[in-house]
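Worksheet: one structure, shown below.
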Amino acid sequence: MQNTPIQIGLAGFGTVGTGLAQILLHNTEWIGKRLGRGLHIKTVLVQDLNKTRSFIPAPDTRFVDSIDALVDDPDLDIVVELIGGLDKAYEIIAGSLNSGKSVVTANKALLAEKGPELFSLAARKHLGLYYEASVGGGIPIVQTLKESLAGNRIKSLMAILNGTSNYMLSEMSQKQIDYSQALTRAQEKGYAEADPTLDVEGWDAAHKLCVLIRLAYGRDYPLNMLPVQGINTVSVYDIGKAQQFGYVLKLIALVKEQSGSLQAGVFPALVNQDHMLSKVDGPFNAVVLEGNAVGPIMLYGQGAGGLPTGSAVLADIMALVNQNAAYNNTGFLENDLRTANILQPELTVSKHFLRITVQDRPGVLAVLARIMGDQNISIAQLNQTQEAAGQFVPIVLLTHAAQLQQIQSAIQEIDSLEFVQSPTVHYRIL
């Protein structure tokens, strides 16, 4: 093994940074056999220099609280950004690239917002910008799309990318508890932050989906054009109804190619109980993709946590060390990726679940059937709860495949009816 180790600068020393340092300590010999040299964390950027730390990467590791002290350190070979957020993380990554250092990041939000700009900068500087840990924690989805499936045209990608939401939906489904109880349990177990907005409103999964779309299709799908819906309005009642029809409700990130355009979005959807993703419970993540040569593939594992995510960060570091020629940042020769041709969401076609709460009186079903027929929507199944005459009752409809704009028009007309008590609940069926 060569005498000179690779010098690493680390921005952030929380759960993932500590996990990375622990892996480096315990797997030193194994890493040396693969790289021919060691990895040494020389500098760590932290907010509070006076904080007591239970674990130190190495006896000579230097802790600093200035971004310049990290990015301008001439001895560093690679900078690892793990602080999250946008502004400071951008300053660290751009500053490191400008000073001649390759970068590893787990920052899916920054890549979703500023990825094209940063990839362009890395290409101009002939440096690496690697990001395996940005999607799926320890699941090797980024490298799989970059290399293992590089010869495939990806036909579709459907994934569970947020462990918090998946844990909550699993609890609601299996234990019949409501949304607020499931959120409390997720927070108690450390799966949800005190402010869970990014997770439960779908934005964490949306950030990750933007990253995967670039890797799978070589096109940029702007975050502000991506349809995003979270689980914060999901009820345990609808989960139960879905189960009666043979479905499981999951927060799905989806992209597929249709006639040269991309259909994509993040939304709660009904997944058939026999589908592989329906079996993914708790805080786990999974990605099911289909290539035109390889067929369907599923990757499954822990989507967060210090050691799984640290493992993905380490994989990127080792890939950068082993890189002999041009860095494989985007997975394509083209680093300045063009904007995707986007299929307008209202034109997407799927089956649909509708729950309509109506007054139980004669003629209601006939009116609903007429509205659905006017929009060319065919009803596949119907379930109505029996109550005393005159009471409000839920009617659950499952449709055959229909355009989203037809469903939206039908819902708008239905919700204007005087015998409808509350807004119609709608989910797509995949």
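Just so you know, all these numbers are worked out from the coordinates, no wet-lab data involved. No experiment lies behind these values; they were computed from the predicted model shown. Neighbour counts run over all protein chains shown; Cβ positions are idealised from the backbone, glycine included.
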- [ ] Using a Förster distance of 56 angstrom, determine the FRET efficiency expected from the C-beta separation of Trp30 and Gln384, and round it to 0.05.
- [x] 0.35
Open item on the list: What distance in nm lies between label points placed 7 Å from Cα along the C-beta direction at His275 and Ser261?
Closed with: 2.2
TODO: Could you calculate the contour length gain from Met225 to Glu117, that is, 0.36 nm times the residue separation minus the distance between their Cα atoms, to one decimal place in nm?
DONE: 37.1 nm
Task: Estimated FRET transfer efficiency (Met318, Glu418; beta-carbon r; R0 56 Å; 0.05) - done: 0.30
- [ ] Kindly write out, for the range 16-32 in residue order, the coupling ³J(HN,Hα) from the Karplus curve 6.51 cos²θ - 1.76 cosθ + 1.60 (θ = phi - 60°), rounded to whole Hz, with x marking Gly and Pro.
- [x] 6, x, 5, x, 4, 4, 5, 5, 4, 5, 7, 10, 3, 5, 5, 5, x
- [ ] Could you tell me which chymotrypsin sites (Phe, Trp or Tyr not before Pro) in the range 1-104 are loop residues by DSSP with no more than 13 other beta carbons within 10 angstrom of their beta carbon?
- [x] Phe55
TODO: Would you pull out the residues with amide H under 5 Å of Gly291's amide H, same chain only if 5 or more places away, H placed 1.01 Å from N?
DONE: Lys155, Ile297
Open item on the list: Could you give each residue of the range 343-355 its phi-based ³J(HN,Hα) in whole Hz, using Karplus coefficients 6.51, -1.76, 1.60 with θ = phi - 60°, and x for Gly or Pro?
Closed with: 6, 4, x, 5, 8, 5, 10, 6, 7, 9, 10, 10, 10
Open item on the list: How far apart, in nanometres, would the label points at Leu365 and Gln181 be if each is projected 7 angstrom from Cα along the Cα-to-Cβ direction?
Closed with: 3.3
Task: Descending principal axes extents, the chain, alpha-carbon based, whole Å - done: 85, 46, 34
Open item on the list: If R₀ is 25 angstrom, what is the calculated FRET efficiency for the pair Lys51 and Gln22, using the beta carbon separation as r and rounding to 0.05?
Closed with: 0.90
- [ ] Quick one: which residues, 5+ away or cross-chain, put their amide H under 5 Å from the amide H of Leu262? H built at 1.01 Å from N.
- [x] Asn341, Ile342, Leu343
TODO: Do me a favour and compute the ellipsoid semi-axes for the range 6-130 from its Cα gyration tensor, root of five times each eigenvalue, largest one first, whole Å.
DONE: 23, 18, 13
Open item on the list: Over the Cα atoms, compute the radius of gyration (one decimal) and Dmax (the largest Cα-Cα distance, rounded to a whole number) for the range 345-429, in Å.
Closed with: 12.3, 40
Open item on the list: Can you compute 3J(HN,Hα) from phi for each residue in the range 256-262, using the Karplus curve 6.51 cos²θ - 1.76 cosθ + 1.60 with θ = phi - 60°, rounded to whole Hz and x for Gly and Pro?
Closed with: 8, 9, 9, 6, x, 10, 9
Open item on the list: For the pairs Lys101/Lys146; Lys51/Lys208; Lys146/Lys208; Lys51/Lys88, flag any whose C-alpha to C-alpha distance is greater than 26 Å.
Closed with: Lys51/Lys208
Task: Full-stretch length increase - Asn376, Thr197 - with 0.36 nm per residue and alpha-carbon distance subtracted - done: 60.8 nm
Open item on the list: At 0.692 mPa s and 37 °C, plugging the Kirkwood radius over alpha-carbon pairs of the range 141-303 into Stokes-Einstein gives what diffusion coefficient in µm²/s?
Closed with: 204
- [ ] Hey, can you grab everything whose amide H is under 5 Å from the amide H of Arg62? Only 5+ residues off in sequence or another chain; H modelled, so Pro and N-termini drop out.
- [x] Thr43, Val44
